[in-house]
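The values are calculated or read from the model by the stated rules, or taken from the named source; none is laboratory data. These figures come from a predicted structure and were not determined experimentally. Cβ: placed from backbone, ideal geometry, glycine included. Neighbour counts: every protein chain shown.
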Amino acid sequence: MTQAPIRIAIAGLGKIARDAHLPALAASADFTLVATASPDGAAAADVPAYTALGAMLAAEPGIEAVAVCTPPQVRRAVAMEAIAAGKNVLLEKPPAATLAEAEALIEAARAAGVTLFAAWHSRYAPAVEPARAWLAGKAIRRVSLAWKEDIRHWHPGQDWILAPGGMGVFDPAINALSIATALLPRFHVASARLAVPEGRHAPLAGSLLFGGLAGPFTAELDFLQTGPQSWDIAIETDQGTITLSLGGARLAVDGVEQVLGDAAEYPPLYARFARLIRTRASEVDLRPLQLVADAFMVAEVEKTAPFAW
Ligand code: NAP
């Protein structure tokens with residue numbers, strides 16, 4: 001028997017909501033988009049648009065789920081309001097600006113009996129599951145991660161990224177950590193160097209060393225990369241090396257490109273959210289956020305030249 005689609009609303013109608021959430025919802029049999037809420041009242045598709053979540057929830061009592069696609073600094077407040085209204089909540093990455101905020105959301109969702117889903121979209125990239133299967137039973141020798149993209153190209157004008165709580169270069173790099181935590185045994189931040197531009201609050205670059213694995217694990221992060229962009233993780237084992245590139249859209253085993261499924265991350269992500277709602281379960285893995293928090297705690301911080309768009 002087919003189930004009725006879940007009535008969902010989007011809070012925060014910005015770049016990722018338009019680029020990924022709207023198309024995934026439009027193609028989903030599990031969900032039907034019924035409204036949006038964003039400060040400028042911008043409309044998407046042909047559903048009612050509100051300027052505030054509270055007004056939307058009051059006017060549209062049939063909403064069953066809310067996808068919170070705001071910047072992280074306001075995620076807790078928006079998600080709390082949705083949970084308090086008894087809605088199931090999808091949190092874009094990162095699930096909150098701090099670990100304690102995320103823990104508070106977990107507690108509130110549990111008390112309200114609603115689903116809370118921390119949606120690590122990169123884990124739905126097509127290379128991730130085949131990589132996990134390939135790594136089973138192999139000994140990790142060395143891991144190197146390079147996440148280098150041009151903030152001016154991918155995030156034009158998004159000042160929140162370099163504001164307190166915006167996480168800077170960790171806004172993209174937390175995606176790498178979401179993949180790494182899904183693939184590797186437990187690891188921790190051993191040391192970090194972060195470069196924060198004068199007049200801003202979050203790093204534009206970083207070098208990290210992780211401990212806890214049998215061999216070295218290094219990460220190079222850069223938000224000012226021009227030319228070719230890198231979203232690569234190479235994992236060397238006792239039985240060969242795999243490389244996930246383009247954020248997990250591609251996979252090579254010992255240099256041989258593998259054939260993968262559909263590159264779209266959000267359709268399977270929404271299928272997962274639907275399954276969680278229908279089984280009344282939650283899924284909130286805080287490990288990627290914990291690693292970012294730890295990097296900030298142990299980092300040597302260097303001030304660099306001011307950044308302008
Ligand atoms: P964005 O383009 O700045 O969009 C954020 C949207 O949220 C804006 O429309 C903003 O409105 C709205 N907003 C702010 N405060 C709000 C509130 N209290 N209630 C409702 N809406 C509110 O940012 P984005 O790139 O889409 O990123 C949003 C989140 O998705 C971030 O956590 C990011 O890490 C994640 N993400 C981004 C990408 C990407 O490629 N961009 C990919 C995956 C995940 P105003 O502009 O009027 O403030």
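Residue pairs whose Cβ atoms lie under 6 Å apart, sitting 6 or more positions apart in sequence or on different chains, and linking a residue in the range 135-151 that is closer than 26 Å to residue 224 by Cβ to a partner that is of a type in the set (Val, Ile, Thr), are 143/235; 144/218; 145/233; 150/226. The set of residues in the range 144-193 being farther than 24 Å from residue 248 by Cβ and touching a strand residue (DSSP E or B) at 6+ places or on another chain (Cβ under 6 Å) consists of 190, 191, 193.
Hey, does the range 75-95 have a residue that's among the polar types (S, T, N, Q) and within 24 Å of residue 159 (Cα to Cα)? So far as the range 75-95 goes, no, none of its residues is among the polar types (S, T, N, Q) and within 24 Å of residue 159 (Cα to Cα). Residues in the range 76-106 that are within 7 Å of the ligand (Cβ to nearest atom) and touching a Leu at 6+ places or on another chain (Cβ under 8 Å): 2 in all.
Residues in the range 127-146: is at least one closer than 22 Å to residue 266 by Cα, modelled with pLDDT under 95, among the acidic types (Asp, Glu) and away from the ligand (no atom under 12 Å from the Cβ)?
Step one: filter the range 127-146 for residues closer than 22 Å to residue 266 by Cα, giving 127-133.
Narrowing the set further to residues that are modelled with pLDDT under 95 leaves none.
Scanning the range 127-146, I find no residue that is closer than 22 Å to residue 266 by Cα, modelled with pLDDT under 95, among the acidic types (Asp, Glu) and away from the ligand (no atom under 12 Å from the Cβ), so the answer is no.
This table checks each residue for (1) under 20 Å from residue 147 (Cα atoms); (2) under 21 Å from the mean Cα position of the chain (by Cα).
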{"residue": "240", "(1), (2)": "no, no"}
{"residue": "243", "(1), (2)": "yes, yes"}
{"residue": "247", "(1), (2)": "yes, yes"}
{"residue": "274", "(1), (2)": "no, yes"}
{"residue": "296", "(1), (2)": "yes, yes"}
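Each residue in the range 25-42 was checked for being within 12 Å of the ligand (Cβ to nearest atom) and surrounded by fewer than 21 Cβ atoms within 10 Å (Cβ to Cβ), and 4 of them qualify. Taking every residue in the range 69-88 that is in contact (Cβ under 8 Å) with a residue 60 or more places away in the chain and part of a helix (DSSP H, G or I) and pairing it with any residue that is within 11 Å of the ligand (Cβ to nearest atom) and of a type in the set (A, V, I, L, M), at least 6 positions away or on another chain, the pairs with Cβ-Cβ distances below 6 Å are 72/97; 73/97; 78/11; 78/53; 78/68; 82/66.
Scanning the range 71-91 for residues that are under 19 Å from the mean Cα position of the chain (by Cα) and crowded, with 24+ Cβ neighbours inside 10 Å turns up 72, 75, 79, 88, 89, 90, 91.
A single member of 110, 7 is in contact (Cβ under 8 Å) with a residue 12 or more places away in the chain, in contact with a Gly (Cβ under 9 Å, 6 or more places away or on another chain) and within 20 Å of residue 276 (Cβ to Cβ), and it is 7.
Scanning the range 45-75 for residues that are within 11 Å of the ligand (Cβ to nearest atom) and of a type in the set (D, E, K, R) turns up just one, 75. Annotation for the range 170-181: at least one member residue is farther than 25 Å from residue 12 by Cα, in a helix (DSSP H, G or I) and polar (S, T, N, Q). Any residue in the range 215-222 that is aliphatic (A, V, I, L, M) and either within 16 Å of the ligand (Cβ to nearest atom) or surrounded by fewer than 19 Cβ atoms within 10 Å (Cβ to Cβ) (or both)? Taking every residue of the range 215-222 in turn, at least one turns out to be aliphatic (A, V, I, L, M) and either within 16 Å of the ligand (Cβ to nearest atom) or surrounded by fewer than 19 Cβ atoms within 10 Å (Cβ to Cβ) (or both).
Among the residues of the range 147-158, what is the count of those that are outside any loop (DSSP other than H, G, I, E, B) and within 12 Å of the ligand (Cβ to nearest atom)? It would help to see each step written out before you state the result.
Of all residues in the range 147-158, those outside any loop (DSSP other than H, G, I, E, B) come to 147-148, 150-154.
Subsequent filtering for residues that are within 12 Å of the ligand (Cβ to nearest atom) retains 151, 153-154.
So the answer is 3.
Among the residues that make up the range 39-49, is at least one of them of a type outside the set (A, V, I, L, M, F, W, C) and outside any loop (DSSP other than H, G, I, E, B)? Checked the range 39-49: no residue is of a type outside the set (A, V, I, L, M, F, W, C) and outside any loop (DSSP other than H, G, I, E, B).
Going through (1) assigned to a helix (DSSP H, G or I); (2) out of contact with any His (no Cβ under 6 Å at 6 or more places or on another chain) one by one, residue 161 falls short only on (2).
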